[in-house]
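Q: Let me give you the structure first, and then I'll get to my questions.
The values are calculated or read from the model by the stated rules, or taken from the named source; none is laboratory data. Predicted model, so just to flag it, every value in this text is computed and none were measured. No Cβ is skipped: glycine too gets one built from the backbone with ideal geometry, and neighbour counts run over all protein chains shown.
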Amino acid sequence: MTNKSKYQLICGLEIHAELKTKSKMFCSCKNDPFGADKPNIHTCPVCLGMPGGLPVANKKAIEWTIKLGLALNCKINLFSKFDRKHYFYPDLPKGYQISQYDIPFCEGGWVETSQGRVEITRVHLEEDTGKLLHKEIDGKKVSLVDFNRGGVPLIEIVTEPDIKSANQAKEFGKKLRQIIRYLEIGNCNMEQGGMRLEANVSLTSDGKLPDYKTEVKNINSFRFLEQAIEYETERQTKLLDKGESPVQETRGFDATKGSTFSQRVKETAADYRYFPDPDLPPIRFAKEDIERLQVGLPELPEQIQARWQEEYGLDQEVTNLLVTTSSRSELLEEVWQIAQKNETNLKKITVWIINNLELLTPTTWADQIFGKYMDQTKTTQIDESELIKVVKQVFENNPQETARYKAGEKKLLGFFIGQVKKIVGNKADAKQIIDAID
Amino acid sequence: MREKKVSLDEIYQDVDSEIAKSKKLNIYTNLNPTAKDQASKQGDSPLAGLPIAVKDNYSTKGLTTTASAKMLEKFVPQYDSTVARLLGEAGGVVIGKTNLDAWAHGSSTETSDFGPTLNPRNLDHLPGGSSGGSAAAVASNTCLAALGTETAGSIRQPAAWCGVVGLKPSYGRVSRSGIVAMASSTDSPGPITKTVEDAALLLQHISGLDAKDSTTSPLAVPNFSQDMKKGVKGLRIGLLYSEVPELKESLKLLEPQLKVFERLGASVEPVKALDPHYAIGVYTIVQRAEVSSNLARYTGVRYGKDRSFLGSEARKRIMLGTFTLSKGYADQYYTHAQKVRSLFRQDFDKLFEKYDLLVSLSSPGFAKKIGATEGQAMFGELEDMLLEPSSIVGLPGLNIPCYRDEKTNLFLGLNIMAPMWQEARMIQAGYAFEQATAWNEWAKS
């Protein structure tokens, strides 16, 4: 859409993602806001901001932030610190959020997309806020606060305004999520707010950065991100065509209407009165610390997919399905190496694994998986000629369906698989049955 | 007590009767109703159930903690501050919570939302502050020892005015966890006691690395009283601020006292340091900035009282701090103040190359009269001027009584400062002075 227009989209993203450390960012409370069965159970004087509560930084969260920074090709600051960002909101118990201001842990990285490189301005670490619930109790409207989420480690990734299309924004977001999940530092569960998206959108007709931008908030899926940017592009195009300039403002996204709406017009920049948090000593790293993390960084999703396709001859669809987390990738490779040693068909075992993904848990060993595969395929597997016989029988028993299927009604495939399964049970999987039907 | 000369019961009887007698001094914001019961269960513990008065900005589990601020009038913490916990583990018992300037903002205890405390040495005078209640508690015999907190003078100045011992440890020696924050980068909890020996003992039990305060030091805690009786022979002592004009009268009284150190074999000479007036500016800016941030949590949403209950001193500090941190001003004020703070650090580093200890007056003069703070926006800063330079760089300091005025019964205090983590050295010098002079009546018994 933007391609046809006389305006070029200029878009940068601000993405928040919660880290899945065991404890919260600045206290030892459990980091499990979504698993909590009651509000305010994972709280203490520190994350409730009670008098005298002091923050103590979670080292794991800092390490993970740097890992992400390295994966995003960032420069890591050897000296960094936490700052207080002041604003009032009932879900912010201290009256300030501990964040990072002028010296974030990571700066200046990039992510490649199919439509060009997106530069990363910074990656910093902060604490999440509590959650407000607006309810009616005994006929009275009340606002309640749940601090189970308050103090959960939250990383913020800010990009340069390098994004040129809504589609590219979506691709970038997905890539980022894949990397975070792959590093096993966050779940990025969008519905639960484990990953939150904001887009800064403006249009230019001469390639220069315009003097306004709209900040679209409350986006909780990549599809909505794409929709929101498309909607904004259209809205701003109309204004520019009329000779008006869009105003600098914060807009919300309405998922049901697929549109954005004005939330607040910023007249002056907010003054958060940042200053270094005196409760938290500055953080210094030795070069070796960062090098150690760099060396320990796993092969990233894109590279590992390419290598698997090359080394193991797997299809992209297959590798796409399998590349989720680094520990799972390691486990898979171990299974393949055992399979290769035992001269087992790599593609077959991979297909079997895809059908039994639940086996890939952190507590299983590669040889256990391989053993299971051998057991199931050796002792219970029906051989191919036997399976073809069964298929023929099913065709004969269902002449009408067979005719329709052969005439091209492909959705009947499921029906046939079901019929065959009834006879062979677990001795053959869907893939084998499909092969036999063909 | 260990020698069975006095029983725990007798101690509590004495303390109770002194508390009853001194009610009008307004020393305590609230008393611990179960103190005696708790004490009887302490057995052979190091502090054996002794009654300790605790400044009311230390969170004490189950015991109201107000910071002498109306906003927290009904606040009962569900947790102990680290120091209160350590005190309890050593067998110390909180006899009551002592009055302070509201939120510890002041040097008089006059700004307490629950009324001023009177100086037990002379009821027309102020006890100093902000740990005025704790210093008065010790001076009035309503406890055996007390805990205070110092941000810039708040232990040493009231100790000086009440004629007792006050020890401000190195910043990071004692945990701030659970103490209502004032200026986080300088807050230092410490003992206020009758003798230097008691201060060393109490400090021993409350010091050390705390997993709940990342600004505490990982350094091992030394035995503070090990070298206490070694004397001061050979120590080089530098006298600070002897050229400051407004101190002339007090210095006349101090200087003969310093001869004691010389008599005991130490050398004492005046030395020029960075003008303490500059510290007032640094301290005021940094402290107000941190106060404005630390008080942001008292929004009125919790603790049952809204912000209209904030006293005028707190409001002034919040406004000034908010201003100095604002965009466009932060560089001019806050960042600049931090730079001058570094200059003070360098100055002390240089001084300590030449001297083992530095001494000065603790306060420009004797305790001021009740009402002296009225209309004096910078009252505390001026009174604490001599303590601010060492406070803003985190150094330890010890106040000991060094002169008593016969007519008013008021005291002057000597401030002994040591390099970071060298509390033991100032304890050594303080003890030697105390033993060699007659100013501290308790040190003799």
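Q: For the condition closer than 30 Å to B:Glu243 by Cα and charged (D, E, K, R), what is the one hit in B:Arg302, B:Arg288, B:Arg315? Show your work before the answer.
A: Working: B:Arg302 fails: closer than 30 Å to B:Glu243 by Cα; B:Arg315 fails: closer than 30 Å to B:Glu243 by Cα.
Unique residue meeting the criteria: B:Arg288.
Q: Check B:Arg317 against each of (1) more than 12 Å from chain A (Cβ to nearest Cβ); (2) free of Cβ contacts under 8 Å to residues at least 60 places away in the same chain and name the one condition it does not meet.
A: Failing condition for B:Arg317: (2).
Residues are listed down the side, and each one gets a yes or a no for (1) surrounded by fewer than 20 Cβ atoms within 10 Å (Cβ to Cβ); (2) assigned by TED's automatic domain parsing to the domain that holds A:Arg273; (3) closer than 23 Å to B:Ser59 by Cβ:
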position	(1), (2), (3)
A:Ile41	yes, yes, yes
A:Pro55	no, yes, yes
A:Lys59	yes, yes, no
A:Lys75	yes, yes, no
A:His86	no, yes, no
A:Asp91	yes, yes, no
A:Tyr96	no, yes, yes
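Q: With respect to A:Glu184, is the statement that it is among the acidic types (Asp, Glu) and either under 13 Å from A:Gly12 (Cβ atoms) or not assigned by TED's automatic domain parsing to the domain that holds A:Gly12 (or both) true?
A: Considered against the rule, which asks whether it is among the acidic types (Asp, Glu) and either under 13 Å from A:Gly12 (Cβ atoms) or not assigned by TED's automatic domain parsing to the domain that holds A:Gly12 (or both), A:Glu184 comes out as no.
Q: What strands (runs of 3 or more DSSP E) lie completely within segment A:41-151 and have 1 or more residues being within 14 Å of chain B (Cβ to nearest Cβ), touching a residue at least 24 places away in the same chain (Cβ under 8 Å) and of a type in the set (Lys, Arg)?
A: Of the strands (runs of 3 or more DSSP E) lying wholly inside segment A:41-151, those with at least 1 residues that are within 14 Å of chain B (Cβ to nearest Cβ), touching a residue at least 24 places away in the same chain (Cβ under 8 Å) and of a type in the set (Lys, Arg) span A:83-86.
Q: May I ask you to verify whether B:Val260 is assigned to a helix (DSSP H, G or I), in contact with a His (Cβ under 9 Å, 6 or more places away or on another chain) and modelled with pLDDT of 95 or more?
A: The answer is no for B:Val260.
Q: Of the numbered conditions (1) within 11 Å of chain A (Cβ to nearest Cβ); (2) in a strand (DSSP E or B), B:Thr66 satisfies every one except a single condition; which is it?
A: In the conditions (1) within 11 Å of chain A (Cβ to nearest Cβ); (2) in a strand (DSSP E or B), B:Thr66 misses (2) alone.
Q: Also, quick follow-up: Please state which one of B:Arg236, B:Arg288, B:Arg302 is in contact with a Phe, Trp or Tyr (Cβ under 7 Å, 6 or more places away or on another chain) and among the charged types (D, E, K, R).
A: Only one candidate passes the filter, namely B:Arg236.
Q: So, one more: How many residues does segment B:199-213 contain that are over 15 Å from B:Thr82 (Cβ atoms) and buried (at least 22 other Cβ atoms within 10 Å of the Cβ)?
A: Counting residues in segment B:199-213 that are over 15 Å from B:Thr82 (Cβ atoms) and buried (at least 22 other Cβ atoms within 10 Å of the Cβ) gives 2.
Q: In segment A:419-431, which residues are in a helix (DSSP H, G or I) and surrounded by 12 or more Cβ atoms within 10 Å (Cβ to Cβ)?
A: A:Gln419, A:Val420, A:Lys421, A:Ile423, A:Val424, A:Lys427, A:Ala430, A:Lys431 - these are the residues of segment A:419-431 that are in a helix (DSSP H, G or I) and surrounded by 12 or more Cβ atoms within 10 Å (Cβ to Cβ).
Q: Kindly indicate the residue of segment A:59-80 that is touching a strand residue (DSSP E or B) at 6+ places or on another chain (Cβ under 7 Å) and not aliphatic (A, V, I, L, M) and also farthest from A:Ala286 (Cα to Cα) among those meeting that condition.
A: A:Asn73
Q: Six or more apart or on different chains, Cβ under 7 Å: which pairs go from a residue in segment B:320-337 that's closer than 15 Å to B:Ala296 by Cα and within 11 Å of chain A (Cβ to nearest Cβ) to one that's surrounded by fewer than 19 Cβ atoms within 10 Å (Cβ to Cβ) and hydroxyl-bearing (Ser, Thr, Tyr)? Could you list them?
A: Short answer, once both residue conditions are applied: B:Phe323/B:Tyr329.
Q: Which of the residues that make up segment B:15-45 are at pLDDT below 95, surrounded by 11 or more Cβ atoms within 10 Å (Cβ to Cβ) and more than 22 Å from B:Leu63 (Cα to Cα)?
A: Answer for segment B:15-45, where residues must be at pLDDT below 95, surrounded by 11 or more Cβ atoms within 10 Å (Cβ to Cβ) and more than 22 Å from B:Leu63 (Cα to Cα): just B:Ser45.
Q: Output the number of residues of segment B:8-38 satisfying the condition of being in contact with a Lys or Arg (Cβ under 9 Å, 6 or more places away or on another chain) and β-branched (Val, Ile, Thr).
A: The qualifying residues number 1.
Q: Exactly one of these conditions fails for A:Leu412: (1) part of a helix (DSSP H, G or I); (2) within 30 Å of A:Leu300 (Cα to Cα); (3) over 28 Å from the mean Cα position of the chain (by Cα); (4) not β-branched (Val, Ile, Thr). Give me its number.
A: With respect to (1) part of a helix (DSSP H, G or I); (2) within 30 Å of A:Leu300 (Cα to Cα); (3) over 28 Å from the mean Cα position of the chain (by Cα); (4) not β-branched (Val, Ile, Thr), A:Leu412 is out only on (2).
Q: Can you tell me which residue among B:Ala135, B:Ala152, B:Ala145 is under 16 Å from B:Phe379 (Cβ atoms) and among the small types (Gly, Ala, Ser)?
A: That would be B:Ala152, the only listed residue that is under 16 Å from B:Phe379 (Cβ atoms) and among the small types (Gly, Ala, Ser).
Q: Is it true that B:Gly304 is exposed (fewer than 14 other Cβ atoms within 10 Å of the Cβ), under 23 Å from A:Gly53 (Cα atoms) and within 14 Å of chain A (Cβ to nearest Cβ)?
A: Values: exposed (fewer than 14 other Cβ atoms within 10 Å of the Cβ): yes; under 23 Å from A:Gly53 (Cα atoms): yes; within 14 Å of chain A (Cβ to nearest Cβ): yes.
Yes; evaluated as a whole, the condition is true for this residue.
Q: Follow-up. Looking only at strands (runs of 3 or more DSSP E) that fall completely inside segment A:194-261, which ones have 3 or more residues that are closer than 21 Å to A:Arg177 by Cα and modelled with pLDDT of 95 or more?
A: Where strands (runs of 3 or more DSSP E) fall fully within segment A:194-261 and carry at least 3 residues being closer than 21 Å to A:Arg177 by Cα and modelled with pLDDT of 95 or more, they are A:195-204.
Q: Restricting attention to segment A:258-315, and to residues there that are of a type in the set (A, V, I, L, M, F, W, C) and within 14 Å of chain B (Cβ to nearest Cβ), which single residue is surrounded by the most Cβ atoms within 10 Å (Cβ to Cβ)? Reasoning before the result, please.
A: Kept after step one, since they are of a type in the set (A, V, I, L, M, F, W, C), are these residues of segment A:258-315: A:261, A:265, A:269-270, A:275, A:280, A:283, A:285-286, A:290, A:293, A:295, A:297, A:300, A:304, A:306, A:308, A:314.
If we keep only those that are within 14 Å of chain B (Cβ to nearest Cβ) as well, we get A:269-270, A:275, A:280, A:283.
Numbers: A:Ala269: 8, A:Ala270: 10, A:Phe275: 24, A:Leu280: 20, A:Ile283: 16.
Restricting to residues being of a type in the set (A, V, I, L, M, F, W, C) and within 14 Å of chain B (Cβ to nearest Cβ), the top hit is A:Phe275.
Q: Before we move on, is B:Leu219 surrounded by fewer than 24 Cβ atoms within 10 Å (Cβ to Cβ) and either in contact (Cβ under 8 Å) with a residue 40 or more places away in the chain or among the β-branched types (Val, Ile, Thr) (or both)? Even if it seems obvious, please write down each step before you answer.
A: Working: surrounded by fewer than 24 Cβ atoms within 10 Å (Cβ to Cβ): yes; either in contact (Cβ under 8 Å) with a residue 40 or more places away in the chain or among the β-branched types (Val, Ile, Thr) (or both): yes.
In short, yes.
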